[in-house]
Structure formats: C-alpha cells, structure tokens
Amino acid sequence: MTLPSNNALVVHQQGISLIELMVSIAIFAVGMLALLGLLSNSMVLTQSANHSSVASAMAYALADNIRANPSQIAAYNDPAVSAIEAACLTTAGCTKAQMVNAEYGMWQERLAEALPGGEGVVCRDSVTSSNDGTPDDWMCAGSATNTAYVVKICWKNTMNAGAWSCYRATI
C-alpha cells in the first residue's frame, strides 16, 4: 500500500462560498415574493366571488318574496321607501301594500350591509344584455306590460378600483 505523496493531495471543498449563499437567498426571496403576490390575488378573487354569491342570493330572495305577493308585483317596481313600515314588524301585521315597502326597505338595508356600496332596484326591463347600468342609471328599458320584472343589484368591485359590478335576476 502506497501513500499519496504531498504533491498529489486531493482537495475537497468544505462548506459553501458566500456568493453561492447570496444567490440561493436571492432565488428564495423571489419565490417568496411571487407566492405573496399569488396569495393576495387569490384573496381578492375570493372576496369578489363572495360578493357575487351574496348578490345572487339576495336577488333571488327578493324575487321569491315578490312571487309570494303576486297581487302587489307592480308596487315593487322601484318603490319610494322612506322608512320601513313599523306595523309589519309587529304581531298585528300590516297590509299587502305596506308589506312591499317593508320588504323592499329591509332588502335595501341588507344590501348596504352585505356588499360594499350595495344598492338594488326592481324594475321592468326588456334588455337582456349584461349592461345593467349602475345605481346612478339603472338602465331599466321597459314599461310595457310584456317586459319582465328584474332585480338588479350593484356594488363597488374590490378588484377593479371601485368600479361597479352588477347582478340581475329575472322574476
């Protein structure tokens, strides 16, 4: 058995260099920043989907209430509600006409609480396009008896810098 001479010693690297450490930290940091961006974007998308789901549920809830009171359907066509009918909140009850104001007023309050800037309207609309307007102009293009009643709900979209998002449901 021969031993290697001093000239033939094999040098083995021990540890890592500072440059390799800096590169690996930089790669890790870029990956973490990408993950953080993905996480924040998914939170915004989840919130937007939640708002759409809430709008859908609230539109169909009011549509069901309107269908339950068919003799008063015309009264739901954008009623001017100044205050919720107090009589409807007692055991004595209220008239069908008062019920319209009570349901519509409470529905508007729930919209404002559940959706950012949430507002809604019930109107006749013959247009079936996705352009349903905004609370400033609901674009309800129908007044004839052959046009459908629709429930329109709009809210401030958190994804698009406060632009309006709208949902409609036909009654």
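Some notes on this structure:
- The listed residue being modelled with pLDDT of 75 or more and out of contact with any strand residue (DSSP E or B) (no Cβ under 6 Å at 6 or more places or on another chain), out of LEU115, LEU89: LEU89
- GLY120 being under 20 Å from LYS152 (Cβ atoms), within 19 Å of the chain's Cα centre (by Cα) and at pLDDT 75 or above: yes
- Failed item in (1) over 23 Å from VAL44 (Cα atoms); (2) at pLDDT 85 or above; (3) of a type outside the set (Phe, Trp, Tyr); (4) assigned to a loop (DSSP other than H, G, I, E, B), with ASP78 passing the rest: (2)
- Answer from ASN69, ASN101 - the residue that is at pLDDT 80 or above and either touching a Cys at 6+ places or on another chain (Cβ under 9 Å) or among the basic types (Lys, Arg) (or both): ASN101
- Only listed residue being hydrophobic (A, V, I, L, M, F, W, C) and free of Cβ contacts under 8 Å to residues at least 24 places away in the same chain, chosen from VAL44, VAL54, VAL30: VAL30
The values are calculated or read from the model by the stated rules, or taken from the named source; none is laboratory data. The structure presented is a predicted model; accordingly, all values stated were derived computationally and were not measured. Backbone-built Cβ (ideal geometry, glycine too); neighbour counts: all protein chains shown.
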